[in-house]
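Structure first, then comments.
The values are calculated or read from the model by the stated rules, or taken from the named source; none is laboratory data. Worth saying up front: this structure is predicted, and the values here are computed from it rather than measured. Glycine also receives a Cβ, built like all others from the backbone with ideal geometry; neighbour counts cover every protein chain displayed.
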Amino acid sequence: MSTLAPHFRTVMVNTLPLEVLEHIFSSITTDKDRNSISLVSKTWNEAERCCRKNVFIGNCYAVSPSILIRRFPDIRSVNIKGKPHFADFDLVPEGWGAYFYPWVVTMATAYPFLEEIRLKRMVVCDESLELISKSFKNFKVLVLQSCEGFTTDGLAAIAANCRNLRELDLGESEVEDLSGHWLSHFPDSCTSLVSLNIACLASEVSFSALERLVARSPHLRTLRLNRAVSIEKLPKLLRHASQLVEFGTGSYSADTQADVSEVFVNVSQAFSGCNKLKGLSGFWEAAPAYFPTIYPVHSKLTSLNLSYATVEIPDLGKLISHCHNLQRLWVLDYVEDSGLEEIANSCKELQELRVFPSDPFAPGPNVSLTEQGLVAVSVGCPKLQSVLYFCRQMTNDALVTIARNRPYMIRFRLCIIEPQTPDYSTLEPLDTGFGAIVQHCKELRRLSLSGLLTDRVFEYIGVHAKKLEMLSLAFAGDSDLGLHYVLSGCESLRKLEIRDCPFGDEALLANAAKLETMRSLWMSNCSVSFEACKLLAQKLPGLNVEVIDERGHPDTRPESCPVEKLYVYRTVSGRRFDTPGFVWIIDEDPSSTPYSNGNRSLASA
Amino acid sequence: MMELQLGLALCGNSAKGYNLDDFKIGSFEILDVQDENNVQVLQTLPLLVWDKDDADGHNESQRKDGDENGMVGWPPVNALRKKLCHQSRHRPYGGVMNYVTVKNGGVGGGGRGSNCYKYVKVKMEGIGIARKIDLSSFQSYGTLTDTLISMFGKSRENGDVYKLTYQDKEGDWLLAGDVPWRTFVGSVQRLKLIRDEDY
């Protein structure tokens with residue numbers, strides 16, 4: 001707004017007709033800007049809400065479907081997130097919540113023109129999918145990232161009824177695979193597909209149906225196959241889809257009967273026909289012999305995901321280093337330090353690196369990947385800004401080097417596999433190293449810590465990490481002081497997730513008000529007492545304080561007893577009523593029963 | 001600067017039937033300990049516990065599958081990745097048997113044979129504590145059974161003869177030795193030595 005030319009300031013903005021305001025606002029698209037606009041005045045709020053088309057709901061329980069439709073009458077695209085992030089690691093028990101059904105039931109009547117639904121970590125049932133397919137005539141985009149609760153029958157409904165479907169992305173969802181025939185439900189008249197991601201499906205889809213679908217989708221840009229599609233089948237598909245930009249292979253190994261050299265030649269040729277290919281993924285069970293088939297495209301690749309290639313490929317680093325334009329690389333630790341060094345020398349456009357563990361449960365290192373690999377990439381790749389790195393050893397010096405070389409780091413997630421591992425050369429905690437990260441990387445938005453850490457690292461974080469939005473902690477810290485530093489110092493903090501840290505009542509209660517400025521706080525296996533949870537709920541009625549405890553009624557234990565898990569989030573829709581037996585939501589009214597399970601459950605998932 | 005003096009302790013037994021034994025892994029008592037370098041060191045109870053109950057499989061249902069060291073959700077890899085890790089381990093030698101390794105002299109795939117683990121639990125009848133062994137370090141039934149017997153501290157000379165049984169992927173318990181060694185390694189989930197009554 002401050003960029004308006006001076007003469008505009010003399011116009012009384014409030015005299016502009018609503019339609020004009022709406023027209024102006026329609027060019028403002030980011031949620032943040034939209035939210036800001038809506039706070040300026042009642043008029044602006046009114047204009048903004050009437051013309052808002054996209055809504056992002058970071059926590060499905062922060063607001064309710066009825067509040068949503070009351071405020072925004074004409075939404076075309078929703079993006080909703082459900083379970084907390086630690087649900088990815090089995091820390092949120094099954095049945096906790098995040099059901100999509102109540103949302104779709106409400107939106108089916110309120111938003112007949114809804115076009116896009118994007119969900120993350122929600123429970124979606126087949127009925128929901130059927131309702132989507134029948135209620136929204138112009139439905140175009142369905143993205144289900146890390147969701148669960150539906151079967152291939154639900155997918156069949158989407159395929160059959162969504163005439164203008166552009167995008168079907170199943171992310172890393174858990175789908176009950178009843179039959180591969182769901183894909184055949186796409187009518188012959190469906191030619192609008194732009195993106196199809198079925199990589200998470202376990203069983204075979206009808207290949208002929210898939211081939212025909214691809215052949216009649218001239219706009220297809222993204223295709224991610226599942227593991228059941230073997231490499232010999234790829235040339236057939238790629239022949240029909242040479243315009244692909246992103247491609248996920250299936251299993252990259254062939255039948256024992258197959259003629260290896262013939263398959264090799266066919267697949268290489270198929271890739272050479274794909275002039276626009278920029279991203280590759282898949283590669284399950286990638287046989288080393290087939291890897292050079294990607295040579296025709298590797299120099300154009302900007303994104304490469306080899307993190308499912310669980311077979312060790314010799315000279316993996318050397319292979320990747322031919323991808324000079326690579327911006328994003330996901331790989332297993334088979335790449336080793338030597339591989340990362342080669343990548344550091346050649347992939348100068350690299351922005352994001354993720355190194356996953358090939359064997360996270362091995363008692364010791366199974367590959368030669370240490371802190372050296374990460375240091376090499378940090379030093380050699382000037383654009384590196386996002387890191388996820390699993391390893392088994394680290395030093396403060398390495399972290400300091402990384403911090404000094406990459407001051408524009410935005411995401412830094414380090415997982416040293418054995419909890420509380422110190423700097424292996426000095427046996428000291430890694431406080432100094434991570435301290436350097438937050439001190440030098442002033443733009444840091446996301447941080448995950450690991451290794452041996454005392455309260456000192458939290459002091460550094462509280463002082464320096466002013467732009468930090470998400471922090472993940474495990475087995476770290478000495479006392480409540482650690483938590484206090486974070487809650488009182490990190491101004492931009494939105495999400496805090498903690499497991500197995502000695503943080504308890506004092507820091508939480510002293511910083512209770514902070515929680516209303518955040519999206520959510522997760523604490524499991526810490527030292528927060530039930531009594532403190534009740535106090536928190538009383539102090540801050542704008543929060544839902546959920547105690548998740550599978551040991552039974554909190555009353556069967558002393559009030560000073562630590563709760564198993566605590567999930568606190570701000571909300572405008574009050575407590576929810578779809579909680580399972582092991583979740584207690586503490587009501588803020590001390591005169592009523594201090595906590596209660598939901599007895600009413602909303603419609604089934 | 002806030003100075004927090006805390007004396008956190010595990011809850012004592014209370015009248016309402018609460019039992020210290022109910023505490024799962026991860027609860028701990030915190031002591032302030034200064035080591036020689038004057039660094040405050042956190043002393044905790046061990047995070048990894050191998051308890052007798054688990055050896056009998058009673059606590060199996062409390063564990064999420066894939067968390068082989070007993071800690072739920074650690075390391076933080078998602079279910080898809082854990083499944084992949086299991087699958088690549090349970091295939092003998094990384095599962096590249098069928099691949100033609102063109103120029104690489106058989107190195108390809110799970111290539112570092114010595115690092116392709118296959119840990120299975122072993123129980124011996126009459127002994128409460130189970131053990132874990134890495135099957136990939138054996139080449140035959142003979143070496144396996146010899147090692148197992150000596151591991152449990154009993155020998156054939158004592159008069160007790162044991163049979164080796166195993167649970168396969170379908171959950172059935174079978175007598176070991178009928179199928180080729182490699183097939184066995186590929187399908188075995190756990191082992192049990194039972195006394196051979198016929199001797």
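Summary table below
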| read-out | value |
| --- | --- |
| Within region A:138-156, considering residues that are closer than 18 Å to A:Ser192 by Cβ and in a loop (DSSP other than H, G, I, E, B), the one farthest from the other protein chains (Cβ to nearest Cβ) | A:Asn138 |
| Number of the exception - A:Lys318 against (1) in contact with a Leu (Cβ under 7 Å, 6 or more places away or on another chain); (2) in a helix (DSSP H, G or I) | (1) |
| Residue identified as within 13 Å of chain B (Cβ to nearest Cβ) and not in a loop (DSSP other than H, G, I, E, B) among A:Leu414, A:Leu452 | A:Leu414 |
| Cβ-Cβ under 8 Å pairs, at least 6 apart or on other chains, region A:429-443 side more than 14 Å from chain B (Cβ to nearest Cβ), far side of a type in the set (Ser, Thr, Tyr) and surrounded by 19 or more Cβ atoms within 10 Å (Cβ to Cβ) | A:Gly433/A:Thr395; A:Phe434/A:Tyr460; A:Gly435/A:Tyr460; A:Val438/A:Tyr460; A:Gln439/A:Tyr460 |
| Unique match (being at pLDDT below 55, more than 22 Å from A:Asp359 (Cα to Cα), surrounded by 17 or more Cβ atoms within 10 Å (Cβ to Cβ) and of a type in the set (D, E, K, R)) among B:Lys163, B:Lys123, B:Lys103, B:Lys154 | B:Lys154 |
| Residues satisfying the stated conditions in region A:384-430, i.e. under 17 Å from B:Trp74 (Cβ atoms) and β-branched (Val, Ile, Thr) | A:Ile416, A:Ile417, A:Thr421 |
| Test: A:Ser135 is small (Gly, Ala, Ser) and in contact with a helix residue (DSSP H, G or I) (Cβ under 7 Å, 6 or more places away or on another chain) | yes |
| Residue among A:Pro407, A:Pro365, A:Pro382 that alone is touching a residue at least 24 places away in the same chain (Cβ under 8 Å), over 28 Å from A:His324 (Cα atoms) and not in a helix (DSSP H, G or I) | A:Pro365 |
| Selected residue [outside any loop (DSSP other than H, G, I, E, B) and either within 12 Å of chain B (Cβ to nearest Cβ) or crowded, with 22+ Cβ neighbours inside 10 Å (or both)] from A:Tyr295, A:Tyr290 | A:Tyr290 |
| Among (1) within 23 Å of A:Ser281 (Cα to Cα); (2) out of contact with any Pro (no Cβ under 7 Å at 6 or more places or on another chain); (3) away from chain B (no Cβ under 14 Å) - the single one A:Leu388 does not satisfy | (3) |
| Of residues in region A:18-41 being under 27 Å from the mean Cα position of the chain (by Cα) and in a loop (DSSP other than H, G, I, E, B), the one nearest to A:Phe56 (Cα to Cα) | A:Thr30 |
| Scope region A:463-486; condition more than 11 Å from chain B (Cβ to nearest Cβ) and either in a helix (DSSP H, G or I) or in contact with a helix residue (DSSP H, G or I) (Cβ under 9 Å, 6 or more places away or on another chain) (or both); matching residues | A:Val463, A:His464, A:Ala465, A:Lys466, A:Leu468, A:Met470, A:Leu471, A:Leu473, A:Val486 |
| Residues of region A:42-78 classified as farther than 30 Å from A:Leu16 by Cβ, touching a strand residue (DSSP E or B) at 6+ places or on another chain (Cβ under 7 Å) and not in a loop (DSSP other than H, G, I, E, B), total | 0 |
| Flag if A:Leu213 is among the aliphatic types (A, V, I, L, M), farther than 23 Å from B:Leu84 by Cβ and crowded, with 22+ Cβ neighbours inside 10 Å | yes |
| Verdict on A:Phe390 being aromatic (Phe, Trp, Tyr) and either closer than 26 Å to A:Gly489 by Cβ or part of a helix (DSSP H, G or I) (or both) | no |
| Residues of region A:505-544 that turn out to be within 14 Å of chain B (Cβ to nearest Cβ), out of contact with any Pro (no Cβ under 9 Å at 6 or more places or on another chain) and in a loop (DSSP other than H, G, I, E, B), as a count | 1 |
| Single unsatisfied condition, A:His85 versus (1) within 14 Å of chain B (Cβ to nearest Cβ); (2) at positive phi; (3) at pLDDT 95 or above | (2) |
| Test: A:Leu170 is within 14 Å of another protein chain (Cβ to nearest Cβ), of a type outside the set (Asp, Glu) and either buried (at least 19 other Cβ atoms within 10 Å of the Cβ) or touching a helix residue (DSSP H, G or I) at 6+ places or on another chain (Cβ under 8 Å) (or both) | yes |
| Some residue of region A:91-111 being under 20 Å from A:Ser217 (Cβ atoms), away from chain B (no Cβ under 14 Å), modelled with pLDDT of 95 or more and not in a helix (DSSP H, G or I) | no |
| Residue list for region A:281-318, restricted to those being closer than 20 Å to A:Lys348 by Cα and either at pLDDT below 90 or under 22 Å from the mean Cα position of the chain (by Cα) (or both) | A:Thr302, A:Ser303, A:Leu304, A:Asn305, A:Leu306, A:Asp315, A:Lys318 |
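Conditions (1) under 26 Å from A:Thr293 (Cα atoms); (2) touching a Ser or Thr at 6+ places or on another chain (Cβ under 8 Å); (3) crowded, with 16+ Cβ neighbours inside 10 Å; (4) at pLDDT 95 or above, marked per residue:
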| site | (1), (2), (3), (4) |
| --- | --- |
| A:Arg163 | no, yes, no, no |
| A:Glu176 | no, yes, no, no |
| A:Ser206 | yes, yes, no, no |
| A:Pro218 | yes, yes, no, yes |
| A:Arg221 | yes, yes, yes, yes |
| A:Arg224 | yes, yes, yes, yes |
| A:Ala228 | yes, yes, yes, no |
